[in-house]
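Report on the structure given below.
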Amino acid sequence: MNTSETILLAIESSCDDTSAAVIKDDKILANIVANQEIHKQYGGVVPELASRAHQQHIIPVVNEALKIANIQKQQLSAIAFTKGPGLLGSLLVGTSFAKSFAQGLNIPIITVNHMQAHILAHFIDDKGMKKPPLPFLCLTVSGGHTQIVLVKDYLDMEVVGTTLDDAAGEAFDKSAKILGLPYPGGPLIDKYAKEGNSKAYDFTKPKIDDLNFSFSGLKTNILYFIQNNTQKNPNFAKENLADLCASIQHTIIEILIDKLEKAAEQHNIKHIAIAGGVSANSGLRNSLKEREQTLGWTTYIPKFEYCTDNAAMIAIAGYHKYLNKQFDDLSVKAQARLQL
Ligand code: KG4
Ligand code: ZN
C-alpha cells in the first residue's frame, strides 16, 4: 500500500437509507445504498422501523462496500460517519457501528455533518462533475432541510437563508400525498410533471423579504384546492394528475430559484450549486441551467447518485476533515439537531 494514500470507510444512517462508501483520497471506490421499502406502506418514514432496518442493513452494506472497493479493513486510515442532523435512533446505529469498528481496528473516527456533506459531494473526483471554485453559493434542498449556504471553504460555511417551516422535499412529498401518490412523492411528481402543463394551475407563493423560505402556505393552498375540486368531481386529482404535478413543481421551483437569484445578487456570486435529494428534480436542474444563459451563472449539479442520501458524500467530507486532522473522540454523541 502507498502510505501517502488516505483510504476511508464512510457510514451514513441519518434517515431511511443505510449507506457505506470507501474513498481513496477524493475518488470513490464504492458507494452502496440500501433503501428501506418498509416506510412506503405508512406514507412516511417511521423512526422506530428505520433504526431497526439500519441494524439489519449496516453489516451487509459495509461488507459489500469493502468488497466492491477491493479494500481490506486493515488498509483503512479512519472511519467517517454522520453525526447529525437526522433521526436519533437512525444516527445511533451508524455512530455505534463506526465507533466499535474503529476501536477494533485502532484507527481514528471522523464525525460529519450531513448537510455539509451534501454540499461537499461537489468535490468528489468524478468525470461526470465539475468542482465549484470557492466561494460559491449552494442551495441545499432535502426532505428535512432547505438552505442557501455561502461556502467560503471546504469546512467553512454560512447559512444565509433557511426555511421557516416545511422543507422543499416535504413540500413535494406532502403535495404528492394530497394527490394520492405514495411516499416518497418527490420523484413521482417529477415524473408526472414531464407530461403536464406547468401553467395549468396557479398556487400561492409566500411573501418573505429576506432569503428565507416558507412552504406551509403552499401546502394548505394545494390541500383546499384539491378538496374543493374533489367535491365537484371525485376523480379530479386522478384526471388532472400531470397538470397538477407540473404546476406544483413549477411553484416550488420558482420559490427556490427566486431566493437563489436574490442571494446571488446580494453576495455578488455567480458560481451556483445545488445539493440534497431535491436536487435530483429534473425541473430544478433545468431551471438552474437556464440561468447560465440568462444570468451568466456557472452552475454545479451533482450526479444523481450523490444527490439523495449516500455515504460517498460523507466520505468526501471525512476526507477533508482527515486532511485537516479533525478527528473525534470515542465519547462523541449523535446529534439529531446538529446545525451547519
Ligand atoms: O437528501 P435526501 O435523500 O434525504 C434527506 O436528507 O432528507 O432527500 C430526500 C427528499 C425527499 O423529500 C424526496 O421526495 C426528495 O428528496 N426527492 C425529490 C426527487 N428525488 C428525491 N424531489 C423532487 N424531485 C425528485 N426527482
Ligand atoms: Zn440528506
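The values are calculated or read from the model by the stated rules, or taken from the named source; none is laboratory data. Here the structure is a predicted model, which means the values were calculated and not measured. Positions of Cβ are backbone-derived with ideal geometry, glycine not excepted, and every protein chain shown enters the neighbour counts. Heavy atoms of the whole protein, side chains included, go into the accessibility calculation; ligands, DNA and RNA do not. Shrake-Rupley method; radii C 1.70, N 1.55, O 1.52, S 1.80 Å.
Once you've got the GNM for the chain with C-alpha springs shorter than 10 Å, pick whichever of 98, 69, 171 has the biggest mean-square fluctuation.
In this elastic network of the chain, the residue with the biggest mean-square fluctuation among 98, 69, 171 is 69.
Please determine, in degrees from 0 to 90 and to the nearest 10, the orientation of helix 88-105 with respect to the longest principal axis defined by the Cα atoms of the chain, where the helix direction is its Cα long axis.
With both axes taken from Cα atoms, the answer is about 20 degrees.
Using a 10 angstrom cutoff on alpha carbons, build the Gaussian network for the chain and name the most mobile of 51, 96, 14.
Ranking 51, 96, 14 by mean-square fluctuation puts 96 first.
For the chain, give the share of DSSP beta bridges that are antiparallel, in percent and rounded to the nearest 5; count only bridges with both residues there.
Around 60 percent of the beta bridges assigned by DSSP in the chain are antiparallel ones.
Within the chain, what's the longest stretch lacking GluC sites (Glu not before Pro) that sit in DSSP loops with no more than 15 other Cβ atoms inside 10 Å? Walk me through the numbers on the way to the answer.
On the way: sites that count: 5, 195.
So the longest stretch without any such site is 6-194.
For the range 265-276, take each phi angle, set θ = phi - 60°, evaluate the Karplus expression 6.51 cos²θ - 1.76 cosθ + 1.60, and give the result in whole Hz per residue in order, putting x for glycine and proline.
Listing the rounded values in order: 5, 4, 9, 6, 10, 10, 9, 10, 10, 10, 8, x Hz.
Treat every Asp and Glu Cβ in the chain as -1 and every Lys and Arg Cβ as +1, leave all other atoms uncharged, and give the resulting dipole magnitude about the Cα centre to the nearest 20 debye. Numbers along the way, then the final one.
Details: 33 positive and 35 negative charges, 53 e Å.
Here the chain has a charge dipole of around 260 debye.
Tilt of helix 168-178 relative to the longest C-alpha principal axis of the chain, in degrees (0 to 90, nearest 10)?
For 168-178 against the chain, the angle is about 50 degrees.
Give me, ordered by chain and number, the residues 5 or more places off residue 43 or on other chains with an amide H under 5 Å from its own placed amide H.
183
Go through 45, 22 and list them by solvent-accessible area, largest first, probe radius 1.4 Å.
Descending order: 45, 22.
Hey, what number do you get for the chain at 222 nm if only DSSP H runs of n ≥ 4 count, each worth -39500 (n - 2.57), divided across all residues, to the nearest 500?
That comes out to -13500 deg cm²/dmol.
Can you pull out the trypsin sites (Lys or Arg not before Pro) in the range 205-281 whose DSSP state is coil and whose Cβ has at most 14 other Cβ atoms within 10 Å? Mind showing how you got there, number by number?
Working: sites: 207, 219, 232, 238, 259, 262, 270; in loops: 207, 270.
Here the sparse-neighbourhood loop sites are 207.
Given a 1.4 Å probe and every protein chain left where it sits, what share in percent of the accessible area of the chain is carbon and sulfur?
Carbon-and-sulfur percentage of accessible area, whole number: 48.
For the range 275-340 and the range 176-246, write down the distance between their C-alpha centroids in whole Å.
Here the answer is 27 Å between Cα centres.
Hey, which of these cross-link pairs are over 23 Å Cα-Cα: 194/238; 194/232; 27/262; 262/289; 130/207?
Going by Cα-Cα distance, 194/232; 27/262; 130/207 fall outside the 23 Å limit.
Taking only Cα atoms and a 10 Å spring cutoff, compute GNM fluctuations for the chain and point out the largest among 71, 38, 208.
Of the options given, 208 has the highest mean-square fluctuation.
Round to the nearest 10 and report in Å² the accessible area of residue 105, as given by a 1.4 Å probe over the protein chains' heavy atoms.
Here the residue's solvent-accessible area equals roughly 40 Å².
Could you provide, to the nearest whole Å², the per residue accessible area of the chain with probe 1.4 Å? It would help to have the intermediate numbers written out before the result.
Details: 15250 Å² over 340 residues.
Value for the chain: 45 Å² per residue.
Determine ³J(HN,Hα), in whole Hz, for all residues of the range 37-46 in sequence, where each value follows from phi through the Karplus function 6.51 cos²θ - 1.76 cosθ + 1.60 and θ = phi - 60°; x replaces Gly and Pro.
Rounded to whole hertz, the list is 5, 3, 6, 3, 5, 9, x, x, 6, 9.
Got a sec to turn the phi values of the range 315-329 into Karplus ³J(HN,Hα) couplings, 6.51 cos²θ - 1.76 cosθ + 1.60 with θ = phi - 60°, whole Hz, x for Gly and Pro?
5, 5, 5, x, 4, 5, 6, 4, 4, 8, 6, 8, 9, 10, 8
For residue 161, list long-range residues whose amide hydrogen, built 1.01 Å from N in the peptide plane, is under 5 Å from its own amide hydrogen.
Close amide H contacts, sequence-distant or interchain: 148.
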